[in-house]
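Visitor: One structure, as structure tokens, below. Some questions next.
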Amino acid sequence: MRRITVTEDMTPIARMLVDRGMTKKELAQKSGVPLPTIDQWTRRIRRNPNVYQLYKVAQVLGCHIEDLIEPELAEKVSDQEAQKESPEG
């Protein structure tokens, strides 16, 4: 079996999965959150997560919702979207 190591660019969910020796599929089965959703979160494809789904994932991982969210990434995306919407002078 392949051993995955934690890297700096991992999402909090991916990091916790490695720490707990759990797969995305196991997390999906235990939390009831669809596997494609969890996969998209861990690859930062899906941006606006459902709070209820985050809650279920946090329960399985034994953490708080806040531990799963990347506020600095959310701020960066928000800033980029604001720059796209602002008129050029």
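Visitor: Of all residues in region 33-63, count the ones that are under 11 Å from the mean Cα position of the chain (by Cα) and β-branched (Val, Ile, Thr).
Guide: So the count comes out to 5.
Visitor: Here's something else I'd like to know. Exactly one condition in (1) surrounded by 10 or more Cβ atoms within 10 Å (Cβ to Cβ); (2) assigned to a loop (DSSP other than H, G, I, E, B); (3) modelled with pLDDT under 90 is not met by Thr7; state its number.
Guide: For Thr7, the failing item is (1).
Visitor: Cβ contacts < 9 Å: first residue touching a residue at least 12 places away in the same chain (Cβ under 8 Å), restricted to region 24-51; second residue acidic (Asp, Glu) and not in a helix (DSSP H, G or I), any location; separation 6+ or different chain. Result?
Guide: Arg44/Glu70
The values are calculated or read from the model by the stated rules, or taken from the named source; none is laboratory data. Model, not experiment: these values are computed from the prediction. Using ideal geometry, Cβ is built from the backbone for each residue, glycine included, and neighbour counts are taken over all protein chains shown.
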